[in-house]
Amino acid sequence: MHLMRQGRDIVHARRAARLVEASRQPASRLPASAAGGDEYLGLIGNRVRELRARRGMTRKILARDSRVSERYLAQLESGEGNISILLLRQIAQALDTPVESLVLAGAEPSVEFVRTSEFLRGLRPEELARARDLLLREFGGVDADARSSRVALIGLRGAGKSTLGAMLAEKLDVPFIELDRLIEQESGVPLGVIFDLYGQSGFRRFERRCLDEVIERFPKFVLATGGSLVSEPGTFDRLLTACFTVWLRATPEDHMQRVIAQGDKRPMADNREAMTDLERILVGREKLYGQADVTLHTSGFTLAENFEKLASAVKTADQTSKQSRNQRAAD
């Protein structure tokens, strides 16, 4: 495997230290029920008090407009009130601010950020997509040539990411990297153990760290991602920005049969609704997967046909990138 030959030394020297680091999370980002909860409640209280002062509202006025007692507001602002989300929403509405601005961990967003966010909220979906492209071109530091040389395959398990990815990497003579395997190398334990030890959030931190290191280390590669990566907005945005992404799409029946054909009977074990669950996941992620640069329908085609389509899509992207570079040079 290309990864074994060219990427074995990725962060191995720091594995032990990072394993410990991954199990930790800054106190300012923890929910109130975890360590640092008092600090987090104090942060929310300070934010409510500052917003109230900025708007020239007395506590009595805020109590009237939010329908939350003045006594409870006093407790909240002092960091002693463990407020429910429904009451916090009433307070946010009275302060004319999004509720997320009150619960956001860390420093309060700048006025420019808030104004920009509010402006973007008013755009239609197609306008929002254009705005994002403009921001990326102007401020994202995206190198179109480098992006076309980094191919990332996304899709549910059983889509053919490992098989087609390895074939494409061999054709292009670039490293083939399976992100889940790299996460296991980084952590030193199987994926299931990572979830047992650190939960979903711990796995996501490993996933983002490994993705960043692959992008920084290798100028060219073919990457097979985990099926759920698209559900983590920051990580998926990083992938879309830095890589040419291809969604390998198949029917739920094909996904299931391919996994079983690999010898894995777990999807059907003790779960009579396995197919229904799979269909629900696919529907839930369809819009996310659809953000890929290219969608390849693999059901009903042979492996050779699917590989030919994938190789053609990547070649077209590379040619388009070169044409754009030549046009920029001519201008």
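The values are calculated or read from the model by the stated rules, or taken from the named source; none is laboratory data. Just so it is clear, the model here is predicted, and its values are computed rather than measured. Glycine gets a Cβ as well: all are built from the backbone with ideal geometry, and neighbour counts include every protein chain shown.
A few comments on the model shown:
- Residue match in segment 86-105 (condition: in contact (Cβ under 8 Å) with a residue 60 or more places away in the chain, touching a helix residue (DSSP H, G or I) at 6+ places or on another chain (Cβ under 7 Å) and within 30 Å of CYS243 (Cα to Cα)): yes
- Some residue of segment 118-126 being without any contact (Cβ under 8 Å) to a residue 12 or more places away in the chain and under 30 Å from ALA74 (Cα atoms): yes
- Whichever residue in segment 202-238 is assigned to a helix (DSSP H, G or I) and touching a Phe, Trp or Tyr at 6+ places or on another chain (Cβ under 7 Å) and, among such residues, is nearest to ALA166 (Cα to Cα): VAL214
- THR225, sole failed condition from (1) crowded, with 21+ Cβ neighbours inside 10 Å; (2) more than 27 Å from ASP145 (Cβ to Cβ): (2)
- Restricted to segment 106-117, and to residues there that are charged (D, E, K, R) and free of Cβ contacts under 8 Å to residues at least 12 places away in the same chain, the residue that is surrounded by the fewest Cβ atoms within 10 Å (Cβ to Cβ) is GLU112.
- GLU178 vs. criteria over 15 Å from the mean Cα position of the chain (by Cα), without any contact (Cβ under 8 Å) to a residue 12 or more places away in the chain and assigned by TED's automatic domain parsing to the domain that holds ALA311: no
- Residues that are among the polar types (S, T, N, Q), surrounded by fewer than 19 Cβ atoms within 10 Å (Cβ to Cβ) and closer than 26 Å to ARG115 by Cα, drawn from segment 45-99: ASN46, THR58, GLN90, GLN93, THR97
- Note on segment 81-101: among residues that are assigned to a helix (DSSP H, G or I) and among the hydrophobic types (A, V, I, L, M, F, W, C), the one that is farthest from LEU41 (Cα to Cα) is ALA94.
- So GLY188, is it surrounded by fewer than 18 Cβ atoms within 10 Å (Cβ to Cβ), within 18 Å of the chain's Cα centre (by Cα) and among the small types (Gly, Ala, Ser): no
- Subset of segment 275-315 (residues that are at pLDDT 90 or above, of a type in the set (Val, Ile, Thr) and not in a loop (DSSP other than H, G, I, E, B)): VAL294, THR295, VAL314
- Test: residue in segment 239-252 that is basic (Lys, Arg), at pLDDT 90 or above and assigned to a helix (DSSP H, G or I): no
- With respect to the conditions (1) over 29 Å from ILE91 (Cβ atoms); (2) small (Gly, Ala, Ser); (3) free of Cβ contacts under 8 Å to residues at least 40 places away in the same chain, GLY155 lacks only one, and its number is (3).
- Pairs linking a residue in segment 235-255 that is touching a residue at least 40 places away in the same chain (Cβ under 8 Å) to a residue that is of a type in the set (Phe, Trp, Tyr) and assigned to a helix (DSSP H, G or I), with Cβ atoms under 9 Å and 6 or more positions apart or on different chains, are TRP247/TYR289; ARG249/TYR289.
- Taken together, GLU170, GLU138 contain a single residue that is at pLDDT 95 or above and not aliphatic (A, V, I, L, M), which is GLU170.
- Residue pairs whose Cβ atoms lie under 9 Å apart, sitting 6 or more positions apart in sequence or on different chains, and linking a residue in segment 284-307 that is in the same structural domain as GLU232 (by TED's automatic domain parsing) and of a type in the set (Asp, Glu) to a partner that is part of a helix (DSSP H, G or I) and buried (at least 16 other Cβ atoms within 10 Å of the Cβ), are ASP293/LEU240; ASP293/ALA313; ASP293/ALA317.
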